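Encoded as structure tokens, the structure appears first; notes follow it.
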Amino acid sequence: MGTVTTNDGTDIFYKDWGPRDARPIVFHHGWPLSADDWDGQMMFFLNEGYRVIAHDRRGHGRSSQSPTGHEMDTYAADVAALTEALDLREAVHIGHSTGGGEVARYVARAEPGRVAKAVLVGAVTPIMLRTPDNPGGLPMEVFDGFRAALLANRAQFYRDVPAGPFYGFNRPGAQVSQGVVDNWWRQGMQGAANAHYECIKAFSETDFTDDLRRIEVPVLVAHGTDDQIVPYEDSAPLAVELLRNGRLKSYEGLPHGMLTTHPDVLNPDLLAFVKE
């Protein structure tokens with residue numbers, strides 16, 4: 001574990017496990033979580049002999065609760081600062097949800113040789129918000145509802161999201177894990193309310209169309225068809241169409257948080273893509 005200090009004085013916390021000469025796998029978490037959300041994948045790849053790195057986005061987890069910079073350009077710049085500090089080469093960047101948008105923005109601008117491949121899992125790409133160019137997106141009222149719930153009672157909101165749509169625990173017959181719900185709440189409440197509030201705009205309104213078009217490395221786009229947070233039809237198929245070297249992997253009936261609910265399904269597929 002360690003921290004990297006960015007140009008504006010923000011400390012970015014990161015985990016860095018495994019052999020330093022092994023291929024690096026960099027994990028990017030979703031809103032409003034932290035690097036801890038990737039523990040299942042980090043342990044899996046660590047046991048496969050890889051070097052695994054995950055950071056807490058600014059304002060999230062153990063990173064600085066910075067007053068500014070809660071938008072995608074700064075998030076990507078923070079990732080660049082981390083990869084430069086650790087001198088990561090030919091890395092595979094895997095992002096979930098908001099982290100998928102962060103990966104797209106970073107990889108599209110990364111220095112040559114830094115990135116070998118990327119994976120977008122339940123990602124917010126190309127854009128979540130309904131616009132004239134994206135008529136299938138979600139209306140602004142959805143995201144205004146997120147903001148209102150966060151302001152009214154963040155602690156309760158961070159119970160309701162994982163106990164309901166995030167992991168599909170609101171579906172009939174779902175096997176609810178209270179530990180998973182509690183862990184989501186723990187990660188969320190560790191971060192800063194201001195950062196989480198501003199990040200709603202970042203993950204919902206940022207248009208990643210140009211980023212996806214610029215990416216040249218192979219990209220795996222993985223998405224559950226029962227994703228209630230980032231609807232499948234307005235995300236994964238559209239993202240793949242924009243990528244030069246993209247591949248779509250759909251998971252029938254799986255939820256937004258499928259990396260946690262179905263690691264036995266997802267982890268081998270991630271490993272196979274990394275090994276190709």
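The values are calculated or read from the model by the stated rules, or taken from the named source; none is laboratory data. Computed from a predicted model, the values in this text were never measured in an experiment. As a convention, Cβ positions derive from the backbone with ideal geometry for all residues, glycine included, and neighbour counts pool all protein chains shown. Surface accessibility is based on the protein's heavy atoms, side chains included, excluding ligands, DNA and RNA. Shrake-Rupley method; radii C 1.70, N 1.55, O 1.52, S 1.80 Å.
Assorted remarks:
- With respect to the conditions (1) in contact with a His (Cβ under 8 Å, 6 or more places away or on another chain); (2) part of a loop (DSSP other than H, G, I, E, B), VAL119 lacks only one, and its number is (2).
- Test: residue in the stretch 155-169 that is in contact with a Leu (Cβ under 7 Å, 6 or more places away or on another chain) and open to solvent by 40 Å² or more (accessible area, probe 1.4 Å): no
- Residue pairs meeting the criteria (Cβ under 8 Å; at least 6 apart or on separate chains; first under 19 Å from TYR197 (Cβ atoms) and open to solvent by 30 Å² or more (accessible area, probe 1.4 Å), in the stretch 122-150; second in a loop (DSSP other than H, G, I, E, B) and aliphatic (A, V, I, L, M)): LEU138/MET128
- A count restricted to the stretch 1-38 and to residues that are out of contact with any helix residue (DSSP H, G or I) (no Cβ under 9 Å at 6 or more places or on another chain) and under 22 Å from GLY188 (Cβ atoms) stands at 3.
- For THR83, the criteria (1) within 19 Å of the chain's Cα centre (by Cα); (2) open to solvent by 10 Å² or more (accessible area, probe 1.4 Å) hold in every case but one, which is (2).
- Options ALA80, ALA85; residue that is under 30 Å from LEU150 (Cα atoms) and either touching a strand residue (DSSP E or B) at 6+ places or on another chain (Cβ under 8 Å) or hydrophobic (A, V, I, L, M, F, W, C) (or both): ALA80
- Residues of the stretch 48-58 that turn out to be out of contact with any helix residue (DSSP H, G or I) (no Cβ under 7 Å at 6 or more places or on another chain) and either open to solvent by 30 Å² or more (accessible area, probe 1.4 Å) or assigned to a loop (DSSP other than H, G, I, E, B) (or both), as a count: 2
- Among (1) surrounded by 15 or more Cβ atoms within 10 Å (Cβ to Cβ); (2) in contact (Cβ under 8 Å) with a residue 24 or more places away in the chain - the single one ASN194 does not satisfy: (1)
- Some residue of the stretch 238-247 being more than 22 Å from PHE273 (Cβ to Cβ), in contact with a Phe, Trp or Tyr (Cβ under 9 Å, 6 or more places away or on another chain) and touching a residue at least 40 places away in the same chain (Cβ under 8 Å): no
- Filter result (open to solvent by less than 10 Å² (accessible area, probe 1.4 Å) and assigned to a helix (DSSP H, G or I)) within the stretch 87-105: THR98, GLY99, GLY100, GLY101, GLU102, VAL103, ALA104
- Any chance ASP37 is in a strand (DSSP E or B) and open to solvent by less than 30 Å² (accessible area, probe 1.4 Å): no
- Restricting ALA193, ALA222 to those that are closer than 21 Å to GLY69 by Cα and of a type in the set (A, V, I, L, M) reduces the list to ALA193.
This table checks each residue for (1) part of a strand (DSSP E or B); (2) crowded, with 20+ Cβ neighbours inside 10 Å; (3) touching a Gly at 6+ places or on another chain (Cβ under 8 Å).
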position: GLY9; (1), (2), (3): no, no, no
position: PHE13; (1), (2), (3): yes, yes, yes
position: ALA22; (1), (2), (3): no, no, yes
position: PRO32; (1), (2), (3): no, yes, yes
position: GLN41; (1), (2), (3): no, yes, no
position: LEU46; (1), (2), (3): no, no, yes
position: HIS60; (1), (2), (3): no, yes, yes
position: GLN65; (1), (2), (3): no, no, yes
position: ALA76; (1), (2), (3): no, yes, no
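- Filtered residue count, the stretch 8-40, keeping only those that are more than 25 Å from PHE146 (Cα to Cα) and of a type in the set (Ser, Thr, Tyr): 2
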